[in-house]
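Some notes on the structure that comes next.
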Amino acid sequence: MTLKENLAALESSVSQLKAERGIGPLQNDIYEAMDDLGHLGQRAVAGDTRVNYRVRSESDLMLFQKLRECVSAAGAEERYRPLLDRAETLLGQIAEIPIPPDGHLGVLAVLRSRFDFLFDQYGFTVADEQPTGMRITRGAVVLEIGWATQSSLSFSMRRGDLGDFWLEDLLYLCGDQRYKSVPQAIHLSTERDVDAWFQFVSDALRHHGNELLSDSPGAFVRLAQAQAQRDAEYVARMNANAGRFGSGLPQP
């Protein structure tokens, strides 16, 4: 059977499993695992390129193997073994789906191109790569860069236990007024959108990031201080606006 056919067969059993989930913990665990697998299968059939299907399938397979052990211990093999067999077959098919070489919407190709200076000039290396982005490191400095729906999830940097820092923090530290206009929500729905966004991020990092990327002494401490000051200014501005416009509640 094809992946699509196996998915349809598995989904046909989910409603009955849902009706049985209240019988006990095992039944509930089986329902939730099958339901989650159904959603994963739907993403696979739809061609969602954001998922690392091999890694996800390997993780889910471990879960189903544990469920198989629980089913055997409960003496419920006759009822659930065919379902578990189908689930494992489906996971095997999903695991064969390759990651696009350039990533989701070409994001990996964009990152390799726009952020080449991180590798060539500063000696960063790729610590992890997924269809939506990369984690790159140099010593204790870690950058997370990738496709996301929020700017804070699309770019962050950290060093040790100082916490995560965003693009706005870097711009604020360097007196770049664009920190005020960095959007919280970003809409990267085409390869062109992806390239335009990361051109902006990489330009900011090129112009303002040397001390941080070089891990100069005190650089991240100064960034942490800038972040705290920016946060305090934001809170003060929100409080001022609340006082200006009022709460909208009746006054005593």
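At-a-glance table
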{"quantity": "Leading residue by the ranking (nearest to residue 131 (Cα to Cα)) among those in the range 22-50 that are in contact with a Lys or Arg (Cβ under 6 Å, 6 or more places away or on another chain) and surrounded by fewer than 16 Cβ atoms within 10 Å (Cβ to Cβ)", "calculated": "45"}
{"quantity": "Pairs, first assigned to a helix (DSSP H, G or I) in the range 8-32, second among the polar types (S, T, N, Q) and open to solvent by 20 Å² or more (accessible area, probe 1.4 Å), C-beta under 8 Å, six or more apart", "calculated": "17/27; 20/27; 21/27; 21/28; 22/28"}
{"quantity": "The range 51-71 - residue that is open to solvent by 30 Å² or more (accessible area, probe 1.4 Å) and under 18 Å from residue 17 (Cβ atoms) and, of those, farthest from the chain's Cα centre (by Cα)", "calculated": "70"}
{"quantity": "Residue 94 being out of contact with any strand residue (DSSP E or B) (no Cβ under 6 Å at 6 or more places or on another chain), open to solvent by 30 Å² or more (accessible area, probe 1.4 Å), among the aliphatic types (A, V, I, L, M) and under 30 Å from residue 8 (Cα atoms)", "calculated": "no"}
{"quantity": "Positions within the range 131-142 being in a strand (DSSP E or B) and open to solvent by less than 60 Å² (accessible area, probe 1.4 Å), in sequence order", "calculated": "133, 134, 136, 137, 141, 142"}
{"quantity": "Filter result for residue 34 (of a type outside the set (Lys, Arg) and modelled with pLDDT of 95 or more)", "calculated": "yes"}
{"quantity": "Qualifying positions in the range 190-221 - touching a residue at least 40 places away in the same chain (Cβ under 8 Å), within 26 Å of residue 105 (Cα to Cα) and surrounded by fewer than 14 Cβ atoms within 10 Å (Cβ to Cβ)", "calculated": "190, 199"}
{"quantity": "Qualifying helices (runs of 4 or more DSSP H) (wholly inside the range 68-122; at least 2 residues being free of Cβ contacts under 8 Å to residues at least 60 places away in the same chain and basic (Lys, Arg))", "calculated": "77-95"}
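The values are calculated or read from the model by the stated rules, or taken from the named source; none is laboratory data. Just so you know, these numbers come straight off a predicted model, no measurement behind them. Please note: Cβ atoms are built from the backbone with ideal geometry, for glycine as well, and neighbour counts cover all protein chains shown. The protein model used for the area step is the full one, side chains on, heavy atoms only, and it has no ligands, DNA or RNA in it. Shrake-Rupley method; radii C 1.70, N 1.55, O 1.52, S 1.80 Å.
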